[in-house]
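Reviewing the structure listed below.
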Amino acid sequence: MREAIDNQPMLTKEPGNFNQESLRQLFDLGEFELPALLRYANQIRKKQVGDEVHLRAIIEFSNYCSCHCLYCGLRAGNHKISRYRLTNQEIYQSVQTAVRYGLKTIVLQSGEDRFYQPYDIAHVIEFIKKHFDVAITLSLGEHPHQSYQIWLNAGADRYLLKHETADPILYQKIRPGKNLQDRINCLMDLKDLGYQIGSGNMVGLPGQTLTSLIDDVLLMKKLNVEMAGIGPFLPHPDTPLGCYSAGSLSQTLKILAITRIVLPTIHLPATTAISTVNDDARRLALGSGANVIMPNFTPLTVRDQYSIYPQKIDIIEDPKQSMNNLKKLLKEMNRTISMSYGHAVKIKKYSLTKKEAYHGFGSQ
Ligand code: SAM
Ligand code: SF4
(Lines give C-alpha, C1' and ligand atoms only; values in the text may rest on other atoms or scores of the structure.)
(Ligands and ions follow the chains in the order given, each with its own letter.)
Protein backbone atom coordinates (compact mmCIF):
# COMPACT_ATOMS: atom_id res chain seq x y z
CA MET A 1 0.00 0.00 0.00
CA ARG A 2 3.02 2.25 0.56
CA GLU A 3 3.43 2.04 -3.20
CA ALA A 4 0.00 3.56 -3.68
CA ILE A 5 1.20 6.76 -2.00
CA ASP A 6 4.52 6.84 -3.76
CA ASN A 7 2.66 6.50 -7.04
CA GLN A 8 0.29 9.32 -6.12
CA PRO A 9 2.62 12.20 -5.23
CA MET A 10 -0.07 14.63 -6.40
CA LEU A 11 -2.16 13.76 -3.36
CA THR A 12 -0.10 15.97 -1.08
CA LYS A 13 0.10 18.82 -3.60
CA GLU A 14 -1.89 22.02 -3.51
CA PRO A 15 -5.24 21.65 -5.24
CA GLY A 16 -4.33 24.02 -8.08
CA ASN A 17 -1.64 21.64 -9.25
CA PHE A 18 -3.96 19.10 -10.79
CA ASN A 19 -4.16 18.67 -14.52
CA GLN A 20 -5.46 16.05 -16.98
CA GLU A 21 -2.33 13.93 -16.54
CA SER A 22 -2.13 13.91 -12.75
CA LEU A 23 -5.87 13.38 -12.40
CA ARG A 24 -5.77 10.50 -14.84
CA GLN A 25 -3.54 8.61 -12.42
CA LEU A 26 -6.28 8.87 -9.81
CA PHE A 27 -8.99 7.93 -12.28
CA ASP A 28 -6.92 4.91 -13.34
CA LEU A 29 -6.82 3.47 -9.81
CA GLY A 30 -8.43 0.02 -9.90
CA GLU A 31 -11.17 -1.51 -7.79
CA PHE A 32 -8.56 -2.80 -5.35
CA GLU A 33 -7.24 0.69 -4.59
CA LEU A 34 -10.63 2.41 -4.61
CA PRO A 35 -11.44 1.96 -0.87
CA ALA A 36 -8.16 3.66 0.06
CA LEU A 37 -8.91 6.58 -2.26
CA LEU A 38 -12.39 6.98 -0.75
CA ARG A 39 -10.93 6.94 2.77
CA TYR A 40 -8.39 9.54 1.78
CA ALA A 41 -11.12 11.84 0.45
CA ASN A 42 -13.04 11.25 3.67
CA GLN A 43 -10.04 12.46 5.67
CA ILE A 44 -9.78 15.61 3.59
CA ARG A 45 -13.50 16.21 4.12
CA LYS A 46 -13.04 15.82 7.88
CA LYS A 47 -10.10 18.17 7.98
CA GLN A 48 -11.52 20.85 5.71
CA VAL A 49 -15.23 20.94 6.42
CA GLY A 50 -15.55 18.84 9.56
CA ASP A 51 -18.05 16.18 10.59
CA GLU A 52 -21.13 18.33 10.14
CA VAL A 53 -23.60 17.35 7.45
CA HIS A 54 -25.64 20.18 5.94
CA LEU A 55 -29.26 19.40 5.20
CA ARG A 56 -30.87 21.24 2.30
CA ALA A 57 -34.64 20.91 1.94
CA ILE A 58 -35.52 20.45 -1.69
CA ILE A 59 -38.93 21.62 -2.88
CA GLU A 60 -39.72 20.64 -6.47
CA PHE A 61 -42.37 23.24 -7.18
CA SER A 62 -43.03 22.61 -10.89
CA ASN A 63 -42.34 19.69 -13.22
CA TYR A 64 -43.16 21.63 -16.40
CA CYS A 65 -40.16 22.01 -18.68
CA SER A 66 -39.63 23.51 -22.10
CA CYS A 67 -36.33 21.65 -22.65
CA HIS A 68 -35.69 18.38 -24.41
CA CYS A 69 -32.80 16.83 -22.45
CA LEU A 70 -32.56 13.26 -23.71
CA TYR A 71 -31.94 11.87 -20.23
CA CYS A 72 -34.66 13.51 -18.16
CA GLY A 73 -38.20 12.34 -17.48
CA LEU A 74 -39.41 15.94 -17.20
CA ARG A 75 -38.47 16.73 -20.81
CA ALA A 76 -41.16 18.58 -22.76
CA GLY A 77 -41.73 15.61 -25.07
CA ASN A 78 -42.63 13.19 -22.29
CA HIS A 79 -46.41 13.15 -22.39
CA LYS A 80 -46.68 10.24 -19.99
CA ILE A 81 -46.24 12.29 -16.82
CA SER A 82 -48.89 14.50 -15.28
CA ARG A 83 -47.65 18.03 -14.85
CA TYR A 84 -48.11 20.11 -11.72
CA ARG A 85 -47.26 23.48 -10.26
CA LEU A 86 -47.42 24.00 -6.53
CA THR A 87 -49.36 27.03 -5.37
CA ASN A 88 -47.38 29.61 -3.41
CA GLN A 89 -49.28 28.48 -0.34
CA GLU A 90 -48.15 24.88 -0.88
CA ILE A 91 -44.56 26.05 -1.28
CA TYR A 92 -44.71 28.05 1.97
CA GLN A 93 -46.24 25.08 3.80
CA SER A 94 -43.40 22.87 2.60
CA VAL A 95 -40.88 25.49 3.74
CA GLN A 96 -42.58 25.63 7.12
CA THR A 97 -42.34 21.86 7.50
CA ALA A 98 -38.65 21.95 6.63
CA VAL A 99 -38.01 24.75 9.10
CA ARG A 100 -39.83 22.79 11.83
CA TYR A 101 -37.35 19.99 11.26
CA GLY A 102 -34.51 22.48 11.75
CA LEU A 103 -33.41 22.87 8.12
CA LYS A 104 -31.62 26.10 7.31
CA THR A 105 -31.51 25.95 3.50
CA ILE A 106 -34.41 25.70 1.07
CA VAL A 107 -33.68 24.56 -2.48
CA LEU A 108 -36.36 25.66 -4.93
CA GLN A 109 -36.13 23.43 -7.99
CA SER A 110 -38.16 23.08 -11.18
CA GLY A 111 -37.99 22.37 -14.88
CA GLU A 112 -37.42 25.38 -17.12
CA ASP A 113 -41.01 26.45 -16.73
CA ARG A 114 -41.76 29.50 -18.91
CA PHE A 115 -45.12 29.99 -17.17
CA TYR A 116 -43.41 32.01 -14.44
CA GLN A 117 -42.33 35.60 -14.93
CA PRO A 118 -39.10 36.51 -13.08
CA TYR A 119 -41.08 38.55 -10.54
CA ASP A 120 -43.35 35.56 -9.72
CA ILE A 121 -40.29 33.70 -8.48
CA ALA A 122 -38.92 36.85 -6.80
CA HIS A 123 -42.16 37.18 -4.87
CA VAL A 124 -41.80 33.63 -3.51
CA ILE A 125 -38.17 34.26 -2.55
CA GLU A 126 -39.05 37.50 -0.77
CA PHE A 127 -41.89 35.88 1.13
CA ILE A 128 -39.73 32.99 2.30
CA LYS A 129 -36.90 35.31 3.33
CA LYS A 130 -39.28 37.55 5.23
CA HIS A 131 -41.03 34.80 7.17
CA PHE A 132 -38.37 32.12 7.65
CA ASP A 133 -34.76 32.17 8.80
CA VAL A 134 -33.27 30.23 5.88
CA ALA A 135 -30.81 30.48 3.03
CA ILE A 136 -32.25 29.96 -0.47
CA THR A 137 -30.73 27.98 -3.29
CA LEU A 138 -32.36 28.17 -6.70
CA SER A 139 -32.16 25.39 -9.27
CA LEU A 140 -34.25 26.64 -12.16
CA GLY A 141 -31.99 26.13 -15.17
CA GLU A 142 -30.76 28.73 -17.66
CA HIS A 143 -32.24 32.22 -17.54
CA PRO A 144 -31.25 35.71 -18.66
CA HIS A 145 -28.90 37.83 -16.56
CA GLN A 146 -31.79 40.12 -15.64
CA SER A 147 -33.75 37.27 -13.99
CA TYR A 148 -30.73 36.14 -12.00
CA GLN A 149 -30.31 39.75 -10.84
CA ILE A 150 -33.96 40.06 -9.81
CA TRP A 151 -33.81 36.82 -7.80
CA LEU A 152 -30.57 37.84 -6.11
CA ASN A 153 -32.13 41.17 -5.15
CA ALA A 154 -35.12 39.28 -3.77
CA GLY A 155 -32.81 37.38 -1.42
CA ALA A 156 -31.58 34.21 -3.19
CA ASP A 157 -28.17 33.10 -1.90
CA ARG A 158 -27.07 30.26 -4.15
CA TYR A 159 -27.70 28.76 -7.57
CA LEU A 160 -27.32 25.15 -8.61
CA LEU A 161 -26.79 24.64 -12.33
CA LYS A 162 -25.06 21.40 -13.19
CA HIS A 163 -22.94 21.58 -16.33
CA GLU A 164 -23.97 17.91 -16.85
CA THR A 165 -20.91 16.99 -18.95
CA ALA A 166 -17.78 18.93 -19.86
CA ASP A 167 -17.70 17.30 -23.30
CA PRO A 168 -19.17 19.99 -25.61
CA ILE A 169 -20.14 17.51 -28.34
CA LEU A 170 -21.83 15.08 -25.97
CA TYR A 171 -23.51 18.03 -24.27
CA GLN A 172 -25.08 19.17 -27.53
CA LYS A 173 -26.28 15.66 -28.27
CA ILE A 174 -27.99 15.11 -24.93
CA ARG A 175 -29.36 18.65 -24.60
CA PRO A 176 -30.71 19.39 -28.11
CA GLY A 177 -30.70 23.07 -29.01
CA LYS A 178 -28.34 23.95 -26.13
CA ASN A 179 -24.60 24.33 -25.85
CA LEU A 180 -22.09 23.95 -23.07
CA GLN A 181 -20.63 27.44 -23.43
CA ASP A 182 -24.03 29.03 -22.71
CA ARG A 183 -24.33 26.93 -19.56
CA ILE A 184 -20.82 27.95 -18.46
CA ASN A 185 -21.63 31.60 -19.22
CA CYS A 186 -24.68 31.33 -16.95
CA LEU A 187 -22.50 29.93 -14.16
CA MET A 188 -19.95 32.73 -14.58
CA ASP A 189 -22.74 35.29 -14.69
CA LEU A 190 -24.21 33.91 -11.45
CA LYS A 191 -20.81 33.98 -9.79
CA ASP A 192 -20.13 37.56 -10.90
CA LEU A 193 -23.50 38.63 -9.53
CA GLY A 194 -22.55 37.27 -6.12
CA TYR A 195 -24.33 33.93 -5.90
CA GLN A 196 -22.58 30.94 -4.35
CA ILE A 197 -22.64 28.57 -7.30
CA GLY A 198 -23.03 24.83 -7.60
CA SER A 199 -22.35 22.80 -10.69
CA GLY A 200 -21.90 19.08 -11.26
CA ASN A 201 -22.21 16.28 -13.72
CA MET A 202 -23.76 12.92 -14.42
CA VAL A 203 -21.52 9.86 -14.45
CA GLY A 204 -21.98 7.06 -16.97
CA LEU A 205 -23.77 8.96 -19.73
CA PRO A 206 -23.81 7.01 -23.01
CA GLY A 207 -20.75 8.08 -25.01
CA GLN A 208 -18.97 9.72 -22.06
CA THR A 209 -15.19 9.28 -22.03
CA LEU A 210 -12.70 9.17 -19.17
CA THR A 211 -11.09 12.35 -20.51
CA SER A 212 -14.40 14.19 -20.28
CA LEU A 213 -14.97 12.95 -16.71
CA ILE A 214 -11.59 14.39 -15.77
CA ASP A 215 -12.58 17.60 -17.56
CA ASP A 216 -15.73 17.70 -15.42
CA VAL A 217 -13.60 17.99 -12.29
CA LEU A 218 -11.19 20.46 -13.89
CA LEU A 219 -14.05 22.63 -15.13
CA MET A 220 -15.53 22.84 -11.64
CA LYS A 221 -12.09 23.76 -10.34
CA LYS A 222 -11.75 26.47 -12.98
CA LEU A 223 -15.20 27.86 -12.21
CA ASN A 224 -14.31 27.83 -8.52
CA VAL A 225 -17.68 26.32 -7.63
CA GLU A 226 -18.83 26.24 -4.04
CA MET A 227 -20.87 23.08 -4.49
CA ALA A 228 -20.81 20.05 -6.79
CA GLY A 229 -23.77 17.76 -7.40
CA ILE A 230 -22.40 14.53 -8.82
CA GLY A 231 -24.58 11.52 -9.48
CA PRO A 232 -24.88 8.51 -11.77
CA PHE A 233 -26.91 8.76 -14.96
CA LEU A 234 -30.09 6.76 -14.30
CA PRO A 235 -32.06 5.78 -17.43
CA HIS A 236 -35.71 6.77 -17.56
CA PRO A 237 -37.74 4.40 -19.77
CA ASP A 238 -39.83 7.22 -21.27
CA THR A 239 -36.82 9.13 -22.61
CA PRO A 240 -34.60 8.60 -25.67
CA LEU A 241 -31.78 7.33 -23.39
CA GLY A 242 -34.07 4.88 -21.63
CA CYS A 243 -32.43 1.77 -23.07
CA TYR A 244 -28.88 2.60 -21.90
CA SER A 245 -27.23 1.30 -18.72
CA ALA A 246 -27.02 3.32 -15.54
CA GLY A 247 -23.74 4.88 -14.40
CA SER A 248 -21.86 2.72 -11.92
CA LEU A 249 -21.81 3.41 -8.20
CA SER A 250 -18.09 2.75 -7.85
CA GLN A 251 -17.21 5.15 -10.67
CA THR A 252 -19.50 7.81 -9.16
CA LEU A 253 -17.91 7.39 -5.72
CA LYS A 254 -14.46 7.61 -7.26
CA ILE A 255 -15.34 10.91 -8.95
CA LEU A 256 -16.93 12.23 -5.79
CA ALA A 257 -13.73 11.42 -3.88
CA ILE A 258 -11.51 12.97 -6.54
CA THR A 259 -13.66 16.11 -6.51
CA ARG A 260 -13.18 16.36 -2.74
CA ILE A 261 -9.42 15.99 -3.19
CA VAL A 262 -9.25 18.64 -5.94
CA LEU A 263 -11.73 21.05 -4.31
CA PRO A 264 -11.23 20.33 -0.60
CA THR A 265 -13.64 22.85 0.91
CA ILE A 266 -16.66 22.59 -1.37
CA HIS A 267 -20.05 21.33 -0.33
CA LEU A 268 -20.53 17.90 -1.83
CA PRO A 269 -23.95 16.26 -1.56
CA ALA A 270 -24.60 12.55 -1.31
CA THR A 271 -27.07 13.16 -4.13
CA THR A 272 -30.52 11.63 -4.43
CA ALA A 273 -29.32 9.92 -7.64
CA ILE A 274 -26.46 8.20 -5.78
CA SER A 275 -28.74 7.28 -2.88
CA THR A 276 -31.21 5.73 -5.34
CA VAL A 277 -28.67 3.15 -6.54
CA ASN A 278 -28.88 0.96 -3.44
CA ASP A 279 -29.62 1.06 0.28
CA ASP A 280 -26.02 1.62 1.29
CA ALA A 281 -25.06 4.17 -1.35
CA ARG A 282 -25.78 7.27 0.75
CA ARG A 283 -23.57 5.95 3.55
CA LEU A 284 -20.81 5.19 1.05
CA ALA A 285 -21.02 8.70 -0.43
CA LEU A 286 -20.86 10.26 3.04
CA GLY A 287 -17.75 8.17 3.65
CA SER A 288 -16.13 9.29 0.37
CA GLY A 289 -16.08 13.05 0.81
CA ALA A 290 -19.75 14.07 0.83
CA ASN A 291 -21.00 16.50 3.50
CA VAL A 292 -24.49 17.46 2.31
CA ILE A 293 -27.85 15.68 2.06
CA MET A 294 -30.92 17.08 0.35
CA PRO A 295 -34.06 15.68 1.98
CA ASN A 296 -37.20 16.06 -0.10
CA PHE A 297 -39.95 18.32 1.25
CA THR A 298 -42.10 18.38 -1.91
CA PRO A 299 -45.69 17.48 -0.91
CA LEU A 300 -46.21 13.72 -1.15
CA THR A 301 -49.29 14.26 -3.31
CA VAL A 302 -47.14 15.27 -6.31
CA ARG A 303 -43.74 13.88 -5.47
CA ASP A 304 -43.87 10.88 -7.80
CA GLN A 305 -44.66 13.24 -10.70
CA TYR A 306 -41.21 14.83 -10.40
CA SER A 307 -39.86 11.73 -12.09
CA ILE A 308 -36.48 12.78 -13.44
CA TYR A 309 -35.56 9.08 -13.32
CA PRO A 310 -37.46 6.06 -11.97
CA GLN A 311 -37.51 4.80 -8.39
CA LYS A 312 -36.16 7.99 -6.86
CA ILE A 313 -35.32 7.02 -3.30
CA ASP A 314 -37.32 9.84 -1.72
CA ILE A 315 -40.63 9.30 -3.53
CA ILE A 316 -42.52 7.69 -0.69
CA GLU A 317 -40.76 8.87 2.46
CA ASP A 318 -42.62 11.48 4.47
CA PRO A 319 -40.47 14.12 6.19
CA LYS A 320 -40.71 12.41 9.57
CA GLN A 321 -39.53 9.04 8.23
CA SER A 322 -36.84 10.59 6.11
CA MET A 323 -35.48 12.76 8.95
CA ASN A 324 -35.52 9.79 11.35
CA ASN A 325 -33.63 7.63 8.86
CA LEU A 326 -31.13 10.40 8.30
CA LYS A 327 -30.53 11.02 11.98
CA LYS A 328 -30.02 7.30 12.56
CA LEU A 329 -27.53 7.04 9.71
CA LEU A 330 -25.57 10.12 10.78
CA LYS A 331 -25.42 8.91 14.37
CA GLU A 332 -24.06 5.55 13.24
CA MET A 333 -21.41 7.39 11.23
CA ASN A 334 -20.47 9.74 14.08
CA ARG A 335 -21.55 12.69 11.99
CA THR A 336 -23.60 15.62 13.23
CA ILE A 337 -26.31 17.73 11.64
CA SER A 338 -25.21 21.29 11.00
CA MET A 339 -27.18 24.03 12.70
CA SER A 340 -25.77 26.73 10.42
CA TYR A 341 -26.88 27.96 6.99
CA GLY A 342 -24.00 26.03 5.48
CA HIS A 343 -22.71 28.80 3.28
CA ALA A 344 -19.53 28.35 1.25
CA VAL A 345 -16.45 27.48 3.27
CA LYS A 346 -13.23 29.36 2.77
CA ILE A 347 -10.15 27.23 2.34
CA LYS A 348 -8.26 26.66 5.61
CA LYS A 349 -5.11 24.78 4.89
CA TYR A 350 -4.99 22.26 2.14
CA SER A 351 -2.19 19.79 2.56
CA LEU A 352 -2.48 16.90 4.91
CA THR A 353 0.75 16.08 6.66
CA LYS A 354 2.73 13.21 5.18
CA LYS A 355 1.64 11.06 8.08
CA GLU A 356 -2.03 11.86 7.54
CA ALA A 357 -1.69 11.28 3.82
CA TYR A 358 -0.09 7.90 4.51
CA HIS A 359 -2.76 6.99 6.98
CA GLY A 360 -5.59 8.14 4.77
CA PHE A 361 -4.36 6.49 1.65
CA GLY A 362 -2.68 3.47 3.12
CA SER A 363 -4.46 2.18 6.20
CA GLN A 364 -6.53 -1.01 5.99
N1 SAM B 1 -34.19 22.10 -14.84
C2 SAM B 1 -33.09 22.43 -14.04
C3 SAM B 1 -31.80 22.00 -14.69
O4 SAM B 1 -31.81 21.18 -15.59
O5 SAM B 1 -30.76 22.53 -14.25
C6 SAM B 1 -33.17 21.83 -12.65
C7 SAM B 1 -33.93 20.56 -12.51
S8 SAM B 1 -33.16 19.14 -13.25
C9 SAM B 1 -34.38 17.93 -13.04
C10 SAM B 1 -31.96 18.71 -11.99
C11 SAM B 1 -30.91 17.70 -12.39
O12 SAM B 1 -31.49 16.43 -12.62
C13 SAM B 1 -30.16 17.96 -13.66
O14 SAM B 1 -29.11 18.88 -13.44
C15 SAM B 1 -29.65 16.57 -14.05
O16 SAM B 1 -28.27 16.39 -13.74
C17 SAM B 1 -30.48 15.64 -13.18
N18 SAM B 1 -31.06 14.56 -14.00
C19 SAM B 1 -32.03 14.66 -14.92
N20 SAM B 1 -32.26 13.45 -15.47
C21 SAM B 1 -31.42 12.58 -14.91
C22 SAM B 1 -31.17 11.19 -15.08
N23 SAM B 1 -31.84 10.46 -15.96
N24 SAM B 1 -30.20 10.60 -14.31
C25 SAM B 1 -29.53 11.34 -13.40
N26 SAM B 1 -29.71 12.66 -13.20
C27 SAM B 1 -30.65 13.28 -13.95
FE1 SF4 C 1 -35.83 20.22 -18.01
FE2 SF4 C 1 -33.82 20.21 -16.24
FE3 SF4 C 1 -35.01 17.93 -17.03
FE4 SF4 C 1 -33.49 19.24 -18.76
S5 SF4 C 1 -32.79 18.30 -16.82
S6 SF4 C 1 -35.51 18.36 -19.18
S7 SF4 C 1 -33.87 21.35 -18.19
S8 SF4 C 1 -35.91 19.55 -15.88
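Here the accessible area of the chain is 53 percent carbon and sulfur, with a 1.4 angstrom probe and all protein chains present. Where a ≥ b ≥ c are the square roots of the eigenvalues of the C-alpha gyration tensor, would you call region 33-341 rounded, which needs a/c under 1.5, or, failing that, prolate if a/b is larger than b/c, or oblate? It is rounded, given that a/c, with a ≥ b ≥ c, falls under 1.5. Hydrodynamic analysis of region 144-262 uses the Kirkwood radius over alpha carbon pairs. Inserted into Stokes-Einstein at 10 °C and 1.306 mPa s, it gives a translational diffusion coefficient of 106 µm²/s. Classify region 195-350 from the C-alpha gyration tensor, please: rounded if a/c falls under 1.5, else prolate or oblate depending on whether a/b exceeds b/c. Here region 195-350 falls in the oblate category.
Database remark: amide H of V292 closer than 5 angstrom to the amide H of H54, L268, A270 (H placed geometrically; neighbours at sequence offset of 5 or more, or on other chains; Pro and chain starts carry no H). Taking all protein chains together and a 1.4 Å probe, the residues L161, L38 rank L38, L161 from largest to smallest accessible area. Computed per residue of the chain from DSSP H runs no shorter than four, each worth -39500 (n - 2.57), the mean residue ellipticity at 222 nm is -12500 deg cm²/dmol. Note on region 33-341: with charges restricted to the Cβ of Lys and Arg (+1) and Asp and Glu (-1), its dipole about the Cα centre is near 520 debye. Think of region 33-341 as having a plus end and a minus end, set by charges on the Cβ of Lys, Arg, Asp and Glu; of A290, Y309, T211, A290 sits farthest toward the positive end of this dipole.
Here region 106-150 has an Rg and Dmax of 10.5, 29 Å, counting Cα atoms alone. Relative contact order for region 33-341: what is it in percent, counting Cα pairs under 8 Å that are at least 6 residues apart? With pairs under 8 Å counted, the relative contact order is 26 percent.
Amide H contacts of L160: L138, S139, L140, G198, each under 5 Å away and 5 or more positions distant or on a separate chain (H built 1.01 Å from N in the peptide plane; Pro and chain starts excluded). Put simply, when 129-142, 277-290 are sorted by average Cβ atoms within 10 angstrom per residue, most first, you get 277-290, 129-142. The tail of the calculated P(r) for region 247-323, taken as Cα-Cα distances beyond 21 Å, holds 31 percent of the pairs.
The values are calculated or read from the model by the stated rules, or taken from the named source; none is laboratory data. Owing to the predicted nature of the structure, the values given are computational and were not obtained by experimental measurement. Positions of Cβ are generated from backbone atoms using ideal geometry, with glycine treated the same way; all protein chains shown enter the neighbour counts. Just so you know, the surface numbers come from the protein's heavy atoms only, side chains and all, with ligands and any DNA or RNA stripped out. Shrake-Rupley method; radii C 1.70, N 1.55, O 1.52, S 1.80 Å.
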